[in-house]
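See structure below.
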Amino acid sequence: MNIYSITQTIKDMPHNIKYGILNLIKWFPVIWQDRDWDNYYLYIILQHKLKHMEHLHVNYSHLMSGSQTAKEIKTCVILLGRLMEDGYHENASIEYYKKWGRPKFDWIPVPDDPEFSMLEITHDKVKTKKDEIQEKKEFHRVCDHERNMRKQDVDYLFDYMRKHIEGWWD
């Protein structure tokens, strides 16, 4: 370390302390609720960061392209919101529910072992064995469609970020 870098470090200390404390306050609620369980919590952290970056580019950017950068970041914030909301099953099931009705869930005790139960899922509009077979096929299609919609949003989010993230500076 040379004398210039030591002097600069000392000179920057009040600024760094101020912004460090503000960052602790800004991030405390997010970190407090963070869990290492799944992607949802990672999305919360990423969305929190991107919202603050978007705010910076909307309100304080020094660049002519600040509003464009803010729009790019907003696209990612919206995609993260969709992923966290996780409405993919509902969207994929609209026609399925119209045709078969909403499922009913019943826990049935296992006859040989009363400590255990089986989940029985029924639909009001499933009347015959043929209906049951058709409903299961359609349910698998719904699940595939749900998975594909979620994958499209994840791919779009990270491809979009990969394409634009290098330009998100001020």
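The values are calculated or read from the model by the stated rules, or taken from the named source; none is laboratory data. What you are looking at is a predicted structure, and each value in this text was computed from that prediction instead of being measured. Note: ideal-geometry Cβ built from the backbone for every residue, glycine included; neighbour counts use all protein chains shown.
Worth pointing out:
- Only one of the listed residues (E120, E72) is in contact with a Phe, Trp or Tyr (Cβ under 8 Å, 6 or more places away or on another chain), without any contact (Cβ under 8 Å) to a residue 24 or more places away in the chain and either surrounded by 13 or more Cβ atoms within 10 Å (Cβ to Cβ) or more than 30 Å from H57 (Cβ to Cβ) (or both). That residue is E120.
- Region 1-19: number of residues that are at pLDDT 95 or above and surrounded by fewer than 10 Cβ atoms within 10 Å (Cβ to Cβ): 0
- Output for region 53-89, where each listed residue is charged (D, E, K, R) and part of a helix (DSSP H, G or I): E54, K71, E72, K74, R82, E85
- Test: residue in region 55-63 that is of a type outside the set (F, W, Y), at pLDDT below 95 and surrounded by fewer than 11 Cβ atoms within 10 Å (Cβ to Cβ): yes
- Candidate set: region 115-170, residues that are of a type in the set (V, I, T) and in a helix (DSSP H, G or I); chosen: the one nearest to K74 (Cα to Cα): I165
- Close pairs from region 140-161: first on the phi > 0 side of the Ramachandran plot, partner surrounded by 12 or more Cβ atoms within 10 Å (Cβ to Cβ) and of a type in the set (A, V, I, L, M), Cβ under 8 Å, at least 6 apart: none
- The C-beta contact set for region 24-43 (first residue in a helix (DSSP H, G or I), second residue exposed (fewer than 10 other Cβ atoms within 10 Å of the Cβ), distance under 6 angstrom, 6+ apart or interchain) comprises Y41/R35.
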